[in-house]
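Readers should treat all values here as calculations from the given coordinates under stated rules, not as data from a laboratory. Everything quoted here is computed from the prediction, not taken from an experiment. All Cβ positions, even for glycine, are placed from backbone atoms using ideal geometry, and neighbour counts span all protein chains on display.
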Amino acid sequence: MTINVHKSKENIDIEEALGVIWTSLQRNEDDFEKVSETIEKGVSKNITNILLEKNFIIKEKNKIKLTDAGEDLGKQLTRRHRLTERLLADVLDFNRQDIEKIACDLEHNLSTDLADSICTLLGHPKQCPHGNPIPEGNCCKNSSSKIESIVVPLSKIDIAEEVTLSYIVTTNHDYMHKLLSIGLVPGTKLKLHQKFPTYIVKVNETQIALDGEVANLIYVRK
Amino acid sequence: MSKSIAFVGNPNVGKSVIFNKLTGQYAVVSNYAGTTVDVTRGNITIGSEQYQVVDTPGTYSLMPLSEDEQVTRDLIIKEKPNIIVQVCDMKNIERSLHLFCELALFKIPMVLVLNMRDEAIQSGIRINIKKLTEILGVPITCCTATTGDGVSDILKIIPQATVSNLNIEYKNNKDILTIENVLKDKTSIAKALSVYLLSGDKDIKQYVPQKLQEKVFRLVSDTVKNEYKMFAAQIFHDNNETILKIVSEVKKIKHRKHKSVMEKLGNICLHPFWGTIIMLFIIFIMYEFIGVFVAGVVVDWIQTKVFEELINPFIANCFDYLGTGPVVNFIKDLFVGQYGIFTMAIPYAFAIIFPIVIAFFSFFGILEDSGYLPRLSVILNRLFSLVGLNGKAVLPMVLGVGCGTMAVLSSRILETKKERMIVVILLSLSIPCSAQLGIILAMLSSVSYKATIVWLLCILFSLFLVGKILDFYVKGESTNFIIEIPKMRIPSIINILSKVKMRLVWYMKEVVPLFILATVGLFFMDKIHLLTTLERWFSPIVVKFLGLPVETTSTFIMGFLRRDYGASGIYTLAQDGLLSGTQILVSAVVITLFVPCLAQSLMVIKEHGIKIASIVFVAITTYAVLFGGLLRFLLSGF
């Protein structure tokens with residue numbers, strides 16, 4: 001397993017820019033001028049031309065498009081970035097404000113293998129702490145792995161096991177809010193009371209009943 | 001002007017109990033979250049000062065994103081109470097402190113009431129009140145509201161309410177200050193507004209002073225740059241850190257070795273096997289008590305002894321004094337004729353339904369206050385999820401076995417329109433009310449044991465078939481099942497009685513007029529011979545398709561007025577030997593599936609509008625008849 005990949009400044013810039021373009025395209029922002037302005041400001045001045053030259057992006061009628069190679073790099077970078085955020089926030093308990101900066105440095109130095117290992121360790125998270133989706137890696141598709149996840153969905157733990165809530169994965173604000181305010185706050189200790197007919201967890205002195213679907217959104221650390 | 005006080009707190013912490021005790025008013029109290037869905041108002045006097053008090057629906061948080069929580073927050077912003085009394089569950093101080101942190105942003109004088117002291121002590125939880133008072137900077141007192149212990153102390157601390165001096169170090173404090181400074185001179189809730197705006201709350205925008213709106217909104221979007229969710233998460237995180245620190249200083253837990261009896265009972269009710277046994281046992285008791293004893297014995301006694309022997313002759317005599325003549329005869333018919341107000345509406349309302357609802361409300365009150373119902377929804381959640389509902393729908397469905405009309409009303413507790421619609425249709429189609437159930441079972445048991453089983457299977461089959469179809473076709477979302485399970489408690493008789501009383505007052509105001517209205521309608525239908533015409537129209541279906549004698553036609557029409565009335569019509573026919581075993585079974589199934597009674601239909605119209613109610617009505621009638629025909633065909637084939 002290759003752990004660290006040394007990259008030149010130019011390669012780092014390319015990755016950085018492709019990451020930005022990839023996320024912009026995900027948000028359906030594909031105006032060539034706007035996107036290139038963002039990356040030239042944020043990454044380096046000449047970056048648009050380099051990307052065009054190296055055939056990572058193409059310009060089609062004012063729209064920016066990624067080539068297959070560009071798409072792959074951008075997606076992988078985003079994946080590494082968001083996984084790093086998860087790792088920092090959930091396992092290493094970093095301050096949320098510092099996460100972004102560290103993730104930006106680390107993301108370039110992770111190999112695909114290492115990213116997959118982190119992904120498995122964290123129980124194949126689907127969202128970064130900001131709530132953006134984490135692109136799937138190979139490890140998520142074939143979940144056979146030698147590494148045991150330390151963060152798993154509530155549905156995967158045993159009855160009577162005491163665990164700590166790591167994070168909740170959902171894009172639905174109402175659920176997130178409801179779960180948080182009912183007492184399922186990251187960092188709280190939970191005890192699983194039963195799994196059938198519904199999940200029942202004990203948080204402090206309160207029992208909360210959840211269905212299986214919700215139990216799959218709640219990630220806990222053993 | 002008198003000062004105003006708002007009672008605020010998490011769901012099911014006892015706000016309403018304290019409100020009732022202090023104001024002498026009655027707001028409905030139960031042992032599950034969400035009993036209070038609207039605000040209740042009252043007055044109290046402390047010393048020589050008068051206060052207006054308002055009880056609010058329970059809320060976990062004032063932060064945006066959930067509709068029911070807005071009621072409380074909007075009240076705080078709009079009415080700007082002089083004092084906030086936050087009621088807390090002493091066992092669950094962490095959660096209360098989350099709400100406290102949010103309330104503190106409004107800079108309104110507060111006091112804290114730690115309720116359920118008895119349960120906290122039982123759980124081995126000790127809170128250092130003196131220290132907590134120091135940290136939060138507001139007066140605090142403890143009480144056990146259900147027993148009244150310590151409640152009067154609340155009155156002593158209310159006049160001493162102060163603005164909390166708790167200062168949470170928000171990581172985003174700079175951003176908050178930027179907005180706060182702009183708003184500071186124009187509104188007293190600048191800090192709260194800033195936090196909500198930065199958290200992406202759209203509803204709060206209206207409370208920003210008009211002149212500042214443009215500037216503030218631009219500042220907000222420049223500051224947060226679409227990372228509203230992250231901002232809200234950070235606030236929550238910071239609050240949480242503060243709370244954990246506070247709790248570690250003031251709370252001590254001494255773990256008990258033994259679980260209390262109520263706790264054990266509570267867990268047994270959640271057990272997949274024993275929970276099911278307990279459920280069946282409760283259904284059995286309910287059926288015996290309401291269906292057999294009250295709906296049978298008591299109703300019969302009131303009907304014969306009170307109405308037929310005392311009231312009816314008296315009223316008939318009164319009308320005899322009026323003499324005769326076309327106008328007088330018409331009035332007589334309207335009041336004491338076959339479909340008269342005194343012969344039909346009043347006896348129906350008071351002789352039949354009144355005792356049944358009293359019995360049911362009392363029984364249901366015990367279930368509500370003990371904390372059993374949330375546990376029942378856990379047991380039945382999976383079953384309900386087959387038809388696009390979740391365990392929460394248990395409450396209206398259980399109520400439906402008592403009275404479908406009540407049940408339609410209580411479907412309001414469900415979160416989405418789709419869920420409410422499915423429940424209301426299933427209630428109309430397949431849930432017989434207690435009185436009807438009693439008569440049908442009596443009728444079927446006279447045929448054979450097998451007939452009862454076939455009837456039950458037909459009803460359950462229809463319930464799930466139609467539920468499945470509705471789940472597929474009704475647009476909208478099904479929600480996930482997330483509920484808090486309260487502790488089991490021994491219900492207080494006084495609370496149950498006052499709750500029954502309050503619901504009876506509701507019944508008198510809402511249902512009795514409906515009955516009179518319906519009877520008058522029936523009276524006119526009879527006068528213009530619409531009733532006999534209807535009978536003539538429908539007899540081909542009844543006789544040819546369902547294979548029933550023509551006499552049953554009128555019982556189906558009566559079944560619409562009252563479910564049990566239709567059933568008793570068929571029962572009488574069966575007793576007279578006019579129906580074969582197959583015919584009894586077919587008619588029992590049809591009358592169960594048949595349209596809901598008038599009162600329930602009117603309630604469906606009230607809740608969902610005339611258009612949907614008509615569609616439901618037509619669909620259910622068609623289904624009931626087709627199903628009955630099919631059953632007849634199958635039975636005659638064997």
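Things to note:
- Across all directions, the average projected area of the convex hull around the alpha carbons of the stretch B:515-580 is 4.6 nm².
- Relative to one another, the C-alpha centroids of the stretch A:53-132 and the stretch B:469-525 are positioned 53 Å apart.
- Each principal axis of the Cα atoms in the stretch B:111-168 has its own extent, and those three values, largest first, are 32, 25, 15 angstrom.
- Calculated diffusion of the stretch B:230-330, Stokes-Einstein form, Kirkwood radius summed over Cα pairs, 37 °C and 0.692 mPa s, µm²/s: 153
- Environment charge of residue B:423, counting only residues whose C-beta is closer than 13 Å and scoring Lys/Arg +1, Asp/Glu -1: +1
- Diffusion coefficient, µm² s⁻¹, Stokes-Einstein with Kirkwood Rh over alpha-carbon pairs of chain B at 37 °C and 0.692 mPa s: 118
- Estimated distance in nm for a label pair at residue A:52 and residue B:210, the labels positioned 7 Å out from Cα along Cα-to-Cβ: 5.1
- Rg over Rh for the protein assembly as shown works out to 1.04, both radii taken from alpha-carbon positions and Rh defined as the Kirkwood radius.
- Cleavage-rule hits (trypsin sites (Lys or Arg not before Pro)) in the stretch A:30-102: DSSP loop, at most 13 neighbouring Cβ within 10 angstrom: A:45, A:54, A:61
- Of B:80/B:131; B:332/B:527; A:45/A:101; A:189/B:130, pairs whose Cα-Cα distance is over 24 Å: B:80/B:131; A:189/B:130
- In this structure, the pairs whose alpha-carbon distance is over 25 Å, taken from A:191/B:251; A:178/B:499; B:3/B:245, are A:178/B:499; B:3/B:245.
- Which of A:74, A:24, A:150, positive extreme of dipole for chain A (C-beta unit charges): A:150
- Going by neighbour counts of Cβ atoms within 10 Å, the residues A:219, B:449, B:170, B:339 line up, fewest first, as B:449, B:170, B:339, A:219.
- A simple spin-label model places pseudo-atoms 7 Å from Cα toward Cβ; at residue B:338 and residue A:141 they are separated by 7.7 nm.
- Positive contributions from Lys and Arg (+1) and negative ones from Asp and Glu (-1), summed over other residues with Cβ under 9 Å from the Cβ of residue B:607, come out at +3.
- Between the stretch B:137-153 and the stretch B:410-456, the alpha-carbon center distance in angstrom: 45
- Equivalent ellipsoid semi-axes - Cα gyration tensor, the stretch B:417-524, angstrom: 28, 26, 21
- Inter-label distance for residue B:118 and residue B:543, nm, one decimal - labels placed 7 Å from Cα along Cα-to-Cβ: 6.7
- Ranked from largest, the principal axis spans of the Cα set of the stretch B:195-262 equal 61, 24, 20 Å.
- Sorted by Cβ neighbour density within 10 Å, fewest at the top, the residues B:19, B:106, B:481: B:106, B:481, B:19
- Normalising the Debye intensity of chain A to I(0), with uniform scatterers on Cα atoms only, and taking log10 at q = 0.15 Å⁻¹ returns -0.98.
- Kirkwood-Stokes translational diffusion coefficient of the stretch B:48-141, alpha-carbon pairs, 10 °C, 1.306 mPa s, µm²/s: 110
- Each of B:143, B:318, A:139 was scored by other Cβ atoms within 10 Å of its Cβ. Arranged with the fewest first, they read B:318, A:139, B:143.
- For chain A, built as a Gaussian network whose Cα springs stay under 10 Å, the top-fluctuating residue of A:108, A:81, A:130: A:130
- Computed over the stretch B:326-443, the quotient of the alpha carbon radius of gyration and 2.2 N^0.38 Å is 1.36.
- Bridge orientation summary for chain B: considering DSSP beta bridges with both residues in this region, about 40 percent are antiparallel.
- Rg/Rh ratio calculated on Cα atoms of the stretch A:41-125 (Kirkwood radius): 1.06
- For the stretch B:111-218, the spread of Cα coordinates along the three principal axes comes to 53, 27, 23 Å, biggest extent given first.
- Applying the criteria of a DSSP loop state and at most 15 other Cβ atoms within 10 Å to the trypsin sites (Lys or Arg not before Pro) of the stretch B:68-122 yields B:107.
- Alpha-carbon centroids, the stretch B:333-399 and the stretch B:536-578: separation in whole Å: 25
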